[in-house]
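J.: One structure is given below, represented as structure tokens, and several questions about it will come after.
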Amino acid sequence: MELKLVFDSKLPSTEVHLYSCFQKTHDVKEATKKTSKKEAVKKEEKSLSHAHWSKELVEEFEFSVASKHFKADMGETFSFTHLNGSTVIILGLGEKGKITREQLRKQFATLYKAIHNKYEDMTIHLDGFMLKDDAEGTLKAITEALHLSDYAFDRHLSAKRKTKMTAVTLLTEEKKTHQKKWDAVLAETKTVTNSINFARDLVNEAPNILNSESYAKEIEKDAKKLKNVKVKILGKAEMKKEKMGMFLSVNAGSAYEPQLVHLTYTPSKATAKTKHIALVGKGLTFDTGGYSLKPGASMMNMKFDMAGSATVYAAFRAAVELQLPIKISCFLGMTDNAVNSLATMPDSIVTARNGKTVEILNTDAEGRLVLGDVVNYACDVNPDAIIDAATLTGAILVALGSEVCGLFSNNDKLAKELLDSAKASDEYMWQLPIIDEHKNDMKSVVADLKNIGSVGNGGSAKGAAFIQAFLKNDIPWAHLDIAGVGDSQGHLPYCPNKGASGLVVRSLVNYLQNV
Ligand code: BES
Ligand code: MN
Ligand code: ZN
């Protein structure tokens, strides 16, 4: 679907014309002067508010008998056929002035999904949808909603999804002076949502097709198209040289080589003062649990255990396409967690890249083993901050529900910046603590550390505490546990019911834009 912005008062001849409509509450005192107070409350009525409709539209709307039942409740729609044959859809958005950006995003996603298979093109009469003092936020929310709803993972279906909608016009009668800025917002949103949909494809791909080797190749192929980006891939031999004993232990039972994809973006005008951010992602192309095997039902969908790596790569890719003025290093740790006679057995003791010994008591707590070594490796490029994303623990769903991303950090400033970015992107993120007691519970009797706590509670924080043990030089670090928000976000109409959500990418891009 192509989206364009048109500054004109002439109506394009599209099949659909979309207008907004709000509710306005009547002034009670005025309307019911002579009645008692009790009645006055009862008589408080809502009427429709649509200042931006043309006279013809108002007439046609009122001419339709059924329109008197339309109350403009949030999400309520009313449609009729215009005299020239086009379809007019009125989208109710509730009380005037009350709608939030996220509600607008949701309403557009719901509407788009409802009609994109029925019509070929649509004109959105933008001026009636503008949020107060937030034209750019409005544009962003609407275009995000459309692009993110225009996604389906249908590459393995014989009958491909057919989308009829090929063109959407955002029509405005605003001053042309806005055009440059608004076009830029549209282009930026397209860049970010493209990356999100790219990440969704990676996460949704089946594990017999997307394994560590094919995954690394795909990233390399894509990254080669990006400007100012260098790609380096470490395989098993290189990781052995790097002494990444934890990462290698997860890969021990795999038919595929472990891959550590190391991407570096250096902006054109980099100086010694240029900020440098490192992104790290968990890329478990499948998590069987290893010898600590997952029960069948819990193993289902564990192809999505590489969502952390897809998330940070999507943010990296978008940041590069936007040519942001910061340096970004991106590290993707790829392997599956499989079982064969060589697979790591529980009770094994391995040595991490930083020399610490680790007792592996549960081979299903594998993400932290991969991330510990990769985060340690990331410290060597000496970034100003490291942010990792991982589907690390089922416990984060217990703590925060599947709707909220868990945040852990050793640095309050970085944590706040990420929370602010999440808020600005209308994504849920919540910080949880890593206390010394959590760290202590990760100490082993026979090795420096063990990979699960003695007490099962607080599993997400203890996983985070484990990763933290491999940081160097007090580099500000944040860990995002996306096990909940990474997939199945059906409550968000701009995410598919099942499968990769693509959440957190917008927050990360916002962070990279503002750092
Ligand atoms: N990939 C899982 C975490 C996960 C679980 C993601 C459910 C999404 C849904 C991770 O590798 C894992 O298995 N974690 C264990 C840790 C435990 C063994 C300490 C878990 O959460 O059960
Ligand atoms: Mn696991
Ligand atoms: Zn896992």
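J.: Only one of (1) outside the structural domain of residue 72 (by TED's automatic domain parsing); (2) crowded, with 20+ Cβ neighbours inside 10 Å is not met by residue 109, so which one is it?
T.: Residue 109 satisfies every listed condition except (1).
J.: Separate question: Please find, among 400, 392, 342, 432, the residue that is within 16 Å of ligand 1 (Cβ to nearest atom) and under 20 Å from residue 292 (Cα atoms).
T.: Just a single option satisfies the conditions, and that option is 392.
J.: Which of the numbered conditions does residue 316 fail, given that it passes all the others? Conditions: (1) more than 16 Å from ligand 2 (Cβ to nearest atom); (2) in contact (Cβ under 8 Å) with a residue 60 or more places away in the chain; (3) under 25 Å from the mean Cα position of the chain (by Cα).
T.: Failing condition for residue 316: (2).
Yes/no matrix, rows are residues, columns are (1) closer than 22 Å to residue 364 by Cα; (2) in the same structural domain as residue 466 (by TED's automatic domain parsing); (3) out of contact with any helix residue (DSSP H, G or I) (no Cβ under 6 Å at 6 or more places or on another chain):
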residue	(1), (2), (3)
247	yes, yes, no
252	yes, yes, yes
256	yes, yes, no
262	no, yes, yes
268	no, yes, yes
280	yes, yes, no
284	yes, yes, no
294	yes, yes, yes
316	no, yes, yes
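J.: Also: Of everything in region 407-451, what is open to solvent by 40 Å² or more (accessible area, probe 1.4 Å) and among the basic types (Lys, Arg)? Give them in sequence order.
T.: 413, 416, 423, 439, 443
J.: Output the residues belonging to region 277-307 that are assigned to a helix (DSSP H, G or I) and either more than 10 Å from ligand 1 (Cβ to nearest atom) or under 22 Å from residue 216 (Cβ atoms) (or both). Quick ask: steps written out before the conclusion?
T.: Pass one, region 277-307, residues assigned to a helix (DSSP H, G or I): 296-299, 302-307.
Passing the criteria: 296, 297, 302, 303, 304, 305, 306, 307.
J.: So which residues in region 63-77 are within 34 Å of the chain's Cα centre (by Cα) and in a loop (DSSP other than H, G, I, E, B), if there are any at all?
T.: Correct list: 71, 72, 73, 74, 75, 76.
J.: Further, regarding this structure: Does any residue of region 321-331 turn out to be polar (S, T, N, Q), more than 16 Å from ligand 1 (Cβ to nearest atom) and open to solvent by less than 20 Å² (accessible area, probe 1.4 Å)?
T.: yes
J.: Just to check your reading of the model, which residue among 250, 261 is within 14 Å of ligand 2 (Cβ to nearest atom) and β-branched (Val, Ile, Thr)?
T.: Going through 250, 261 in turn, the sole match is 250.
J.: Could you list, ordered by first residue, the pairs with Cβ atoms under 8 Å in which the first is in region 291-306 and among the polar types (S, T, N, Q) and the second is assigned to a loop (DSSP other than H, G, I, E, B) and more than 10 Å from ligand 2 (Cβ to nearest atom), at least 6 apart or interchain?
T.: From region 291-306, the pairs are 292/346.
J.: Where in region 372-463 are there helices (runs of 4 or more DSSP H), lying fully within it, with 2 or more residues that are out of contact with any Pro (no Cβ under 8 Å at 6 or more places or on another chain) and β-branched (Val, Ile, Thr)?
T.: In region 372-463, the matching helices (runs of 4 or more DSSP H) lie at 395-400.
J.: Within region 280-290, can one find any residue that is open to solvent by 10 Å² or more (accessible area, probe 1.4 Å), touching a residue at least 12 places away in the same chain (Cβ under 8 Å) and within 12 Å of ligand 2 (Cβ to nearest atom)?
T.: Looking through region 280-290, at least one residue is open to solvent by 10 Å² or more (accessible area, probe 1.4 Å), touching a residue at least 12 places away in the same chain (Cβ under 8 Å) and within 12 Å of ligand 2 (Cβ to nearest atom).
J.: Now a separate question. What number of residues within region 175-192 are of a type outside the set (Ser, Thr, Tyr) and open to solvent by 80 Å² or more (accessible area, probe 1.4 Å)?
T.: Number of matching residues: 4.
J.: Please pick out the residue among 226, 248 that is at pLDDT 95 or above, surrounded by fewer than 24 Cβ atoms within 10 Å (Cβ to Cβ), away from ligand 1 (no atom under 14 Å from the Cβ) and part of a loop (DSSP other than H, G, I, E, B). Spell out the reasoning first.
T.: Numbers: 248 fails: part of a loop (DSSP other than H, G, I, E, B).
Answer to the selection: 226.
J.: So if I check each of 3, 18, 91, which one is modelled with pLDDT of 95 or more, open to solvent by 20 Å² or more (accessible area, probe 1.4 Å) and not in a loop (DSSP other than H, G, I, E, B)?
T.: Going through 3, 18, 91 in turn, the sole match is 3.
J.: Still on this structure: Just checking, how many residues over region 471-513 are surrounded by 24 or more Cβ atoms within 10 Å (Cβ to Cβ), over 10 Å from the mean Cα position of the chain (by Cα) and part of a loop (DSSP other than H, G, I, E, B)?
T.: 3
The values are calculated or read from the model by the stated rules, or taken from the named source; none is laboratory data. Worth saying up front: this structure is predicted, and the values here are computed from it rather than measured. In this analysis, Cβ positions are derived from the backbone assuming ideal geometry, glycine residues included, and neighbour counts consider all displayed protein chains. Remember, those area values only see protein heavy atoms, side chains included, never the ligands or the DNA or RNA. Shrake-Rupley method; radii C 1.70, N 1.55, O 1.52, S 1.80 Å.
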